[in-house]
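To start, the structure itself, in C-alpha cells.
Values quoted throughout were computed directly from the atomic coordinates according to the rules given, and no laboratory measurement underlies them. This one's a predicted model, so the numbers in the text were calculated from it and none came from an experiment. Every residue, glycine as well, gets a Cβ built from its backbone with ideal geometry; the counts of neighbours run over all protein chains shown.
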Amino acid sequence: MVNRIVVGAHYGLKDWLVQRVTAVLMVVYSLIVAAVLLTRLPLDHEGWKALFAPQWFRVATLMFLLAVFWHAWIGMRDILMDYVKPTGIRLALEVLVVLALVAYSFWSITILWSI
C-alpha cells in the first residue's frame, strides 16, 4: 500500500471548471457583441454611447470583464506557482497581480457607469 501525502493548495478541479465557465462566458459575450456590431456599426462617439446605453449591455460587459479578470487571475497564479519558486517573490508577484486586477475591476465599473 502506498501512503500518499497530499500537499499544496488543492485548487485543481474547481479552478479548472472556473476557467472553462469564464471562457464560455467570454465567447458568448464576444458573439453577442459581434452580432450587435454587424447589425449597427457605431461610427462616432455618440454611436458608441448609444451602444452602451442599455443597462443589460453594461451588465453583460461588466460580467465579461469580471470573467476575463478571474480567468487571468487563475492563469497568472498557475504560471507563478509553476515558474517562480522563491516563496517571497511569488507572493509579492501574486499580490501585485491581485491589486492590478482589482484596480481594473473598479476602473471598468467607473467607465461603464460614467457613459
I want to check the label-to-label distance for A100 and A23. Put each point 7 Å from Cα in the C-beta direction and report it in nm to one decimal. 2.2 nm
How large is the helix-only mean residue ellipticity at 222 nm for the chain, computed as the sum of -39500 (n - 2.57) over DSSP H runs with n ≥ 4, divided by its residue count, in deg cm²/dmol to the nearest 500? -27500 deg cm²/dmol
Calculated mean projected area of the Cα convex hull in nm² (choose from [x] 6.1; [y] 9.6; [z] 10.0), label: [z]
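Scan the chain and report its longest stretch carrying no trypsin sites (Lys or Arg not before Pro) that are both in a DSSP loop and have at most 14 other Cβ atoms within 10 Å. If you can, show how the numbers build up before the last one.
Working: sites that count: R4, R40.
It runs 41-115.
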Give the range of the longest stretch in the chain that excludes all chymotrypsin sites (Phe, Trp or Tyr not before Pro) found in loop regions by DSSP and having at most 13 other beta-carbon atoms within 10 Å. 12-112
Output wanted: per-residue J couplings in Hz (rounded whole) for the range 63-75, from phi through Karplus 6.51 cos²θ - 1.76 cosθ + 1.60, θ = phi - 60°, x for Gly and Pro. 4, 4, 5, 5, 5, 4, 5, 5, 4, 5, 4, 4, x
Would you kindly derive the ³J(HN,Hα) couplings of the range 108-115 from the backbone phi angles with the Karplus curve 6.51 cos²θ - 1.76 cosθ + 1.60 (θ = phi - 60°), listing them in order in whole Hz, with x for Gly and Pro? 4, 4, 4, 5, 5, 9, 9, 6
Computed from the beta carbon distance with a Förster radius of 30 Å, FRET efficiency for L43 and M81 to the nearest 0.05 stands at 0.10
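What is the order of E46, E94, fewest Cβ neighbours within 10 Å to most?
On the way: E46 9, E94 16.
Ascending Cβ contact count within 10 Å gives the list E46, E94.
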